[in-house]
Amino acid sequence: GSASNRRRKTGRRGVSGRCPAKPNSSPYRSVERRTAVAVKLVSTKEDVVKNVSRFRRYETGSVADRDFFRDKIRTGKQFVVIRERDHYVFAPSKFAGYKNNNRGMHVSDLGSRDGRITNRALNNVLGGPFGPNDSRHKRIDAAFLRYCRQIGVTPIKPSPARKYWFHTTQLKERGRPT
């Protein structure tokens with residue numbers, strides 16, 4: 001049969017990676033509906049802080065936890081940043097934006113996760129991110145790069161530049177990841 005018949009039968013996407021468009025529909029709406037049903041988004045600052053705190057604990061967890069942590073820091077393009085006393089704590093926005101997120105859920109559901117959706121949720125909770133034209137961006141990006149050097153990670157150079165959502169709070173003490 002034709003490619004569209006194969007897609008209907010197998011559920012596979014076409015060559016472009018996008019499902020065939022329906023009239024008057026947006027690919028964002030369909031992704032948002034699927035995600036909203038499968039996984040809840042953060043809706044409070046407490047939700048975000050819990051996720052950042054959990055992500056931070058992966059830095060000192062099992063080997064798998066540490067590998068996950070380092071990979072997400074290395075490949076991240078958009079981060080939630082929490083200032084805690086005299087340092088910053090970073091977590092990828094896609095990890096921080098799903099309610100009660102953890103490594104297992106994140107890895108098993110990664111293919112259906114969409115940063116555009118978590119970015120909207122983070123905008124609603126924390127306000128918009130700092131972009132490269134914001135005077136605070138340079139300071140936070142420099143802190144991110146220093147942090148990467150400290151942990152021995154060479155981050156990718158995203159284009160456009162990294163974005164940061166910022167929040168000040170007291171995180172829970174480090175412990176074993178949950």
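What number of residues within region 118-140 are more than 24 Å from residue 44 (Cβ to Cβ) and within 15 Å of the chain's Cα centre (by Cα)? Qualifying residue count, region 118-140: 0.
Is there a residue being part of a helix (DSSP H, G or I), touching a helix residue (DSSP H, G or I) at 6+ places or on another chain (Cβ under 9 Å), in contact (Cβ under 8 Å) with a residue 24 or more places away in the chain and of a type outside the set (Gly, Ala, Ser) anywhere in region 78-91? Scanning region 78-91 turns up no residue that is part of a helix (DSSP H, G or I), touching a helix residue (DSSP H, G or I) at 6+ places or on another chain (Cβ under 9 Å), in contact (Cβ under 8 Å) with a residue 24 or more places away in the chain and of a type outside the set (Gly, Ala, Ser). Looking across region 103-112, the residues that are under 14 Å from the mean Cα position of the chain (by Cα), open to solvent by 60 Å² or more (accessible area, probe 1.4 Å) and more than 23 Å from residue 87 (Cβ to Cβ) come down to 105, 107, 110, 111. Cβ-Cβ contacts under 6 Å between residues 6 or more apart (or on different chains), taken from a first residue in region 149-170 that is touching a residue at least 24 places away in the same chain (Cβ under 8 Å) to a second residue that is in a strand (DSSP E or B) and among the basic types (Lys, Arg), are listed as 168/83. For residue 16, are the conditions met, namely being modelled with pLDDT of 95 or more, open to solvent by 50 Å² or more (accessible area, probe 1.4 Å) and part of a loop (DSSP other than H, G, I, E, B)? For residue 16, the condition - modelled with pLDDT of 95 or more, open to solvent by 50 Å² or more (accessible area, probe 1.4 Å) and part of a loop (DSSP other than H, G, I, E, B) - is not met. Please specify each residue of region 129-160 satisfying the condition of being assigned to a loop (DSSP other than H, G, I, E, B), loosely packed, with under 12 Cβ neighbours inside 10 Å and of a type outside the set (Ser, Thr, Tyr). Scanning region 129-160 gives 132, 133, 152, 156, 157, 160. Scoring residue 115 on the criteria (1) more than 24 Å from residue 87 (Cβ to Cβ); (2) in contact (Cβ under 8 Å) with a residue 40 or more places away in the chain; (3) within 14 Å of the chain's Cα centre (by Cα) leaves a single failure, condition (2).
In this structure, is residue 71 surrounded by fewer than 14 Cβ atoms within 10 Å (Cβ to Cβ) and in a helix (DSSP H, G or I)?
Working: surrounded by fewer than 14 Cβ atoms within 10 Å (Cβ to Cβ): yes; in a helix (DSSP H, G or I): yes.
Against the criterion (surrounded by fewer than 14 Cβ atoms within 10 Å (Cβ to Cβ) and in a helix (DSSP H, G or I)), residue 71 qualifies.
Hey, does region 41-57 have a residue that's farther than 17 Å from residue 166 by Cα, surrounded by 14 or more Cβ atoms within 10 Å (Cβ to Cβ) and at pLDDT below 95? Yes, because at least one residue in region 41-57 is farther than 17 Å from residue 166 by Cα, surrounded by 14 or more Cβ atoms within 10 Å (Cβ to Cβ) and at pLDDT below 95.
The values are calculated or read from the model by the stated rules, or taken from the named source; none is laboratory data. Just so you know, these numbers come straight off a predicted model, no measurement behind them. Ideal geometry is used to build each Cβ from the backbone, glycine not excepted, and the neighbour counts take in all protein chains shown. Side chains are part of the model used for accessible areas, which takes the heavy atoms of the whole protein and leaves out ligands, DNA and RNA. Shrake-Rupley method; radii C 1.70, N 1.55, O 1.52, S 1.80 Å.
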